[in-house]
Amino acid sequence: MRAHYIQHVAFEGLGAIQPYLQKKGHELSVTHLYAGEHLPSMDTFDWLIVMGGPMGIYDYGKFPWLKAEKVLIKQAIDAGKTVLGICLGAQLIADVLGSTVDKRVVYAGKYKEIGWFDIHKSKELDGTVLGNVFPDTLEVFHWHGDMFDVPAGAKAVGNSAACPNQGFVYDNRVVGFQFHLETTPESAAVLIDACGDELDGSGYVQDAQTMLADKKRFEHLNQTMYAVLRALGA
């Protein structure tokens, strides 16, 4: 399998996904959009993985490559490829699947959600490719302020106390997560260093010490990430 991932900022890479794919012997390539690299042609990958970032998906003035990225995501979905989006990546997929001229499907949430918080599995997930991956309640790592509407035809993954839509599955091959299953202690520390100004102490925002205190949390988190990748065929 040939997997290609899109990275929007230097401090949000694949995390635990990278060693998993490499261990399985899959080919792995990347576009670093923040460095001005070009997006791939459709015949060079089987999987597309779209990572996170602090920008908004409509910030075309600051990040003009967002428009071309959305075109690529739509082409990949239309071509029947497997597409996985995380945080910003999930928001981009939601926009591609559900955007209209007069309605935005991604918008600022009521609360920022940063740190370890439970998500609660949606009944809609049963019978999908991820139906047996998630327990009824799962603690995951979050870092987001925006949220999305679940696209028409997609199945909701679940919700949290701070965010009603935490993910979706479309056609059993297109998956978007608002949360981060790929985060490792090392990648969390890098993210905190880069975006620590967002840790404002509000209701669903934890401090750095709390987020990094227990490495076993990350191990359990990553095991769920591996289960998702296996369910999608990696």
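Electrostatic bookkeeping for Ala154 treats Lys and Arg as +1 and Asp and Glu as -1; over the other residues with beta carbon under 12 Å from its beta carbon, the sum is -1. Between Lys215 and Asp126, what FRET efficiency follows from the Cβ-Cβ distance if R0 is 35 Å, with the result rounded to 0.05? Efficiency for this residue pair is about 0.65.
Between their Cα atoms, which of Lys62/Lys216; Lys67/Lys216; Lys81/Lys121; Lys67/Lys123; Lys81/Lys123; Lys74/Lys216 are more than 32 Å away from each other? Listed pairs above 32 Å: Lys62/Lys216; Lys67/Lys216; Lys67/Lys123; Lys74/Lys216. Rounded to whole numbers, the Karplus 3J(HN,Hα) couplings from phi for region 177-185 are 10, 6, 9, 10, 8, 8, 5, 10, x Hz, using 6.51 cos²θ - 1.76 cosθ + 1.60 with θ = phi - 60°, and x at Gly and Pro.
Summing charges over neighbours of Gly201, with a neighbour being any other residue whose Cβ is under 14 Å away from its Cβ, gives -4 when K and R count +1 and D and E count -1. So the label point goes 7 Å from the Cα of Asp171 along Cα→C-beta, right? Which residues of region 220-234 then have their backbone N under 18 Å from it? Inside the label zone: 232-234.
What's the Cα-based Rg to Rh of region 104-234, Rh via Kirkwood? List each step's numbers first, then the result.
Values: Rg = 14.5 Å, Rh = 15.2 Å.
Expressed as Rg/Rh, it is 0.96.
Between Asp207 and His26, the modelled label-to-label distance comes to 3.9 nm, taking each label 7 Å out from Cα in the direction of the beta carbon.
Within 11 Å, Cβ to Cβ, of Gln166, how many net charges do the neighbouring residues add up to if Lys/Arg are +1 and Asp/Glu are -1?
-1
Can you figure out the FRET efficiency of Met1 with Glu186, using R₀ = 25 Å and their beta-carbon distance, to the nearest 0.05? About 0.50, to the nearest 0.05.
With contacts taken as Cα pairs under 8 Å at a separation of at least 6 residues, region 2-231 carries a relative contact order of 19 percent. Estimated from helical segments only, the mean residue ellipticity of the chain at 222 nm is -8500 deg cm²/dmol, where each DSSP H run of four or more residues counts as -39500 (n - 2.57). In plain terms, the bigger the Kirkwood radius, the slower the diffusion; for region 43-155, with that radius from Cα pairs, at 4 °C and 1.567 mPa s, Stokes-Einstein puts D at 84 µm²/s. Note on region 95-178: Cα-only Rg and Dmax are 12.6, 37 Å.
Given Cα positions, please report Rg to Rh for the chain, the hydrodynamic radius being the Kirkwood one. Taking Rh as the inverse mean 1/r over Cα pairs, Rg/Rh reads 0.92.
Just so you know, all these numbers are worked out from the coordinates, no wet-lab data involved. A quick note: this is a predicted structure, and the numbers were derived from the prediction, not measured. All Cβ positions, glycine included, derive from the backbone under ideal geometry; neighbour counts span all protein chains shown.
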